[in-house]
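Below is one structure; the comments refer to it alone.
The values are calculated or read from the model by the stated rules, or taken from the named source; none is laboratory data. Model, not experiment: these values are computed from the prediction. Neighbour counts are summed over all protein chains in view; Cβ atoms, including those assigned to glycine, are modelled from backbone coordinates with ideal geometry. Surface accessibility is based on the protein's heavy atoms, side chains included, excluding ligands, DNA and RNA. Shrake-Rupley method; radii C 1.70, N 1.55, O 1.52, S 1.80 Å.
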Amino acid sequence: MTEPKTYGDAVAVVTVTYSPGETLDRFLDTLDKATEREVQVVLADNGSVDGEPERAAAERDHVRFVPTGGNLGYGGGANAGVAALGDDVGWVVVANPDLEWDPGSLDALLEVAGRWPHGGAFGPLVREADGTVYPSARLLPSLGRGIGHAVLGRIWKGNPWTRSYRQEAAAPSERTAGWLSGSCLLLRRAAFDSVDGFDTRYFMYFEDVDLGDRLQRAGWLNVYAPSASVMHIGGRSTASASARMLAVHHASAYRYLADRHRGLAWKPVLAAIKLGLALRLKLETRRP
């Protein structure tokens with residue numbers, strides 16, 4: 001049996017880039033004020049054509065441009081970025097390049113991590129551009145919660161399945177969660193290793209849900225840390241591909257449920273779920 005690798009205490013930030021535009025400079029500028037520690041940044045690039053990641057790496061000594069070799073999706077790109085880090089790095093932040101960090105927010109995340117020795121992933125409070133708090137720490141989508149949220153979430157926002165799943169009524173307090181938004185995650189690298197990182201079968205969407213579930217199954221905790229906060233301003237990568245992204249989202253949702261409900265007895269249920277998701281996608285993409 002291979003012994004788990006031992007890492008140092010250095011911190012690195014991995015962000016997956018795909019023509020991020022002007023948001024990347026805001027990400028890097030605000031990151032400089034988010035911590036007093038020296039932090040290396042890896043731009044795991046999935047095939048940008050705007051030249052921004054290359055320029056940012058050329059202008060900043062602590063930023064490294066790492067081409068992934070193609071568009072590997074979010075999880076695949078993040079895995080490639082983490083693989084490029086040295087063994088001195090024991091803490092890795094995986095974050096979208098369309099974030100703005102609040103001053104001291106990364107140090108606040110690290111402080112919380114010090115209180116949870118069994119914590120594998122730590123997520124800050126995430127605000128939308130209009131100041132709304134995004135429900136970034138949620139329960140895992142069980143079959144009942146998942147179906148209720150998927151079917152009724154758009155037409156009855158206050159339904160009990162959506163409210164339970166999204167945990168929107170819960171006050172922003174330090175607590176464990178089923179999973180944390182992949183838009184900004186501090187990961188204990190040993191924990192990330194223990195589950196072999198993100199599952200690259202998820203090109204986009206649900207890779208963070210799947211990771212949170214697998215971390216829990218491996219004995220780690222997902223910890224919501226609202227004493228740290230960031231703002232998700234929204235990037236350009238998926239803005240022009242909404243119909244395609246909706247299709248990817250529905251496919252990932254089905255994969256997540258199918259992975260966890262195997263065997264002949266579940267076949268009829270999964271067939272009904274697949275049909276329901278297909279109908280929901282058709283309705284969503286018909287909207288103006």
All conditions in (1) of a type outside the set (Val, Ile, Thr); (2) open to solvent by 50 Å² or more (accessible area, probe 1.4 Å); (3) at pLDDT 80 or above; (4) in contact with a His (Cβ under 8 Å, 6 or more places away or on another chain) are true of Met204 except (2)
For segment 261-275: of the residues being closer than 21 Å to Phe203 by Cα and open to solvent by less than 60 Å² (accessible area, probe 1.4 Å), which is modelled with the highest pLDDT?
His261
Could you tell me which of the residues Glu36, Glu100, Glu111 is assigned to a helix (DSSP H, G or I) and open to solvent by 30 Å² or more (accessible area, probe 1.4 Å)?
Glu111
Residue list for segment 19-30, filter: touching a residue at least 40 places away in the same chain (Cβ under 8 Å), within 24 Å of Leu110 (Cβ to Cβ) and touching a helix residue (DSSP H, G or I) at 6+ places or on another chain (Cβ under 7 Å):
Leu24
Kindly provide the set of residues from segment 1-33 that are surrounded by 21 or more Cβ atoms within 10 Å (Cβ to Cβ), of a type in the set (Ser, Thr, Tyr) and under 30 Å from Ala218 (Cα atoms), ordered by number.
Thr15, Thr17
Inspect segment 184-192 for any residue being of a type in the set (Gly, Ala, Ser) and either in contact with a Lys or Arg (Cβ under 6 Å, 6 or more places away or on another chain) or modelled with pLDDT of 95 or more (or both) and give the result as yes or no.
yes
Residue among Gly90, Gly123 that is assigned to a strand (DSSP E or B) and surrounded by fewer than 23 Cβ atoms within 10 Å (Cβ to Cβ):
Gly90
Cβ-Cβ below 8 Å, separation at least six or inter-chain, first residue in segment 248-268 and basic (Lys, Arg), second modelled with pLDDT of 85 or more and open to solvent by 90 Å² or more (accessible area, probe 1.4 Å): which pairs?
Arg255/Arg201
For segment 61-75, what are the residues that are in contact with an Asp or Glu (Cβ under 9 Å, 6 or more places away or on another chain) and open to solvent by 10 Å² or more (accessible area, probe 1.4 Å)?
His62, Phe65, Val66, Pro67, Thr68, Tyr74
